[in-house]
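Some notes on the structure that comes next.
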Amino acid sequence: MTGDVMFYVIMLVLPISALVARRLPVGEVIKMALAWLAIFLLLYFVVVAWQEAMGVGAGMRGFLGL
């Protein structure tokens, strides 16, 4: 359990430290973070739609409680 938490902390700290090292303006960092969030959300919805079309979405809906 502790190893998993440390892994996720490191995976969060590495990109943040890279951005801090570049000394980018805060507004630009927020804009890039929102762009990446939009990309991942779009991909998530594409995968969910594909699973729904293939008939495997019902299992995921039950798993997520939707």
Next item on the list: Provide the gained length on full extension for the span Met54 to Met6, in nm with one decimal, where the gain is 0.36 nm per separating residue minus the Cα-Cα distance.
Entry: 13.6 nm
Note to self: Keeping all protein chains in place and using 1.4 angstrom, which order do Val29, Val9 fall into by accessible surface area, from largest down?
What the structure shows: Val9, Val29
Next item on the list: Quick one: accessible surface of Phe40, probe radius 1.4 Å, all protein chains present, in square angstrom to the nearest 10.
Entry: 130
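The values are calculated or read from the model by the stated rules, or taken from the named source; none is laboratory data. None of these values were measured; they are calculated from a predicted model. The area values use the complete protein model at the heavy-atom level, side chains included, leaving out ligands, DNA and RNA. Shrake-Rupley method; radii C 1.70, N 1.55, O 1.52, S 1.80 Å.
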